[in-house]
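Participant: Quick one: this structure, given as structure tokens, is what I'll be asking you about.
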């Protein structure tokens, strides 16, 4: 690991000042610190966001749920308000990685990193959520831009994620046992109010260069929100990842299976 300095700002304004000057923001550190240990990343200065209390708040506001960027996975999974208002989100958070990852990883760090097999981006995209930063608000459809790529500008910090609360939702994943990342994860959300009224959104993670929506599954499930409707959709393997863990064809089959399971879970 290369030499670096560590700052621990106590306010969002101080953190924004540091990152604007070139400091790398540190959330849970689950990816950044590992990259630094391998000398794949060498920031000269880190700004640890852990002391900024306002970034950890979780609250319900009407038919939305606002989750602070520094809320850790275990906190979201155990939060009574999240479990009551959006149980599918709590369930996703409670099963990310292992216990150590859940104790340190944060929703903001996961979304900003946009790993192509991360769980949280699927929830954000399927929920039609809004990513709130210290500069603006970005819709989920515009935020995720490919492998480890987002709409965030240099020095821009995620402060919270605002989720629209669906009528029904569920997340199912097929875990890659060596890493605990999903080979495929599918988040399904059905809405009956607000700007997403009548829509079903389906987001897939682990299948390609980043999280993506599946139009065929969305159309079928909007017409009939049943496992049978999901099963009837042909999943094209073209463009899906193929590696030593699974072929593109295998991942295509997993998308179908996980979508069916997610719908059944949402209806249970």
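Participant: So what is the 222 nm mean residue ellipticity for the chain from helices alone, if each DSSP H run of at least 4 adds -39500 (n - 2.57) and you divide by all residues, rounding to the nearest 500 deg cm²/dmol?
Facilitator: Taken over the chain, the calculation gives -9000 deg cm²/dmol.
Participant: Among 231, 218, which comes first, second and so on when ranked by fewest other beta-carbon atoms within 10 Å?
Facilitator: Sorted ascending by nearby Cβ count, the order is 231, 218.
Participant: Given N residues in region 1-48, what is Rg(Cα) / (2.2 N^0.38 Å)?
Facilitator: Rg over 2.2 N^0.38 Å, computed on Cα atoms: 1.10.
Participant: Still on this structure, I have one more. As an exercise, use a Förster radius of 30 Å and the Cβ-Cβ distance of residue 14 and residue 175 to find the FRET efficiency, rounded to the nearest 0.05.
Facilitator: Approximately 0.20, to the nearest 0.05.
Participant: Give me the Kirkwood hydrodynamic radius of region 11-116 in Å, from all C-alpha pairs, to one decimal place?
Facilitator: About 14.6 Å, per the Kirkwood formula over Cα pairs.
Participant: Any idea what the relative contact order of region 69-188 is, in percent, if you count C-alpha pairs under 8 Å spaced at least 6 apart?
Facilitator: Averaging sequence separation for qualifying contacts and normalising by length gives 26 percent for region 69-188.
Participant: Another question, then. If I model a spin label as a point 7 Å beyond the Cα along the Cα-Cβ vector, how far apart are those points for residue 245 and residue 151 in nm?
Facilitator: About 2.8 nm separates the two model spin labels.
Participant: To continue, here is another question. Of the candidates 216, 105, 128, which one comes out as most mobile in a Gaussian network treatment of the chain with C-alpha springs shorter than 10 Å?
Facilitator: Maximum fluctuation in the GNM of the chain, among the listed residues, is at 216.
Participant: Counting just the Cα atoms, what span does region 60-112 cover along each of its three principal axes? Round to the nearest Å and put the largest first.
Facilitator: For region 60-112, the Cα extents along the three principal axes come out at 32, 20, 13 Å.
Participant: So, one more: So what is the relative contact order of the chain, in percent, for Cα pairs below 8 Å that sit 6 or more residues apart?
Facilitator: Rounded, it is 15 percent for the chain.
Participant: Same structure, new question: Mind checking the full-extension length gain between residue 63 and residue 137? Use 0.36 nm per residue of separation minus the Cα-Cα distance, one decimal, nm.
Facilitator: Result for the pair: 24.9 nm of gain on full extension.
Participant: Also: Binning at 10 angstrom from zero up to the longest distance, how are the C-alpha pair distances of region 186-262 distributed in percent?
Facilitator: All Cα pairs considered, the percentages come to 20, 51, 24, 5, 0.
Participant: To the nearest Å, what is the center-to-center distance of region 208-268 and region 56-118, using C-alpha atoms only?
Facilitator: About 23 Å separates the Cα centre of region 208-268 from the one of region 56-118.
Participant: Counting pairs of alpha carbon atoms under 8 Å apart in space and at least six apart in sequence, what relative contact order in percent does region 185-263 give?
Facilitator: It comes to 30 percent, rounded to a whole number.
Participant: Using only Cα atoms, find the angle between the long axis of helix 248-267 and the longest principal axis of the chain, and express it within 0 to 90 degrees, rounded to the nearest 10.
Facilitator: 80
Participant: Listing 195, 24 from the residue with the fewest other Cβ atoms within 10 Å to the one with the most, what is the order?
Facilitator: 195, 24
Participant: According to the square roots a ≥ b ≥ c of the eigenvalues of the Cα gyration tensor, what is the shape class of region 115-256, taking rounded for a/c under 1.5, prolate for a/b larger than b/c otherwise, and oblate for the remainder?
Facilitator: Verdict is oblate for region 115-256.
Participant: Also, I was wondering about something else. Once the Cα gyration tensor of the chain is found, what semi-axes does its equivalent ellipsoid get, as square roots of 5 times the eigenvalues, in whole Å, sorted largest first?
Facilitator: The three semi-axes for the chain are 31, 21, 15 Å.
Participant: In a GNM of the chain with a 10 Å cut-off on Cα contacts, which of 157, 12, 221 has the highest mean-square fluctuation?
Facilitator: Greatest mean-square fluctuation among the candidates belongs to 12.
Laboratory data are not the source of any read-out in this text; all were calculated from the coordinates shown. Predicted, not measured: the structure shown is a model, and the values here were computed from it. We place every Cβ from the backbone using ideal geometry, glycine too, and count neighbours over all the protein chains shown.
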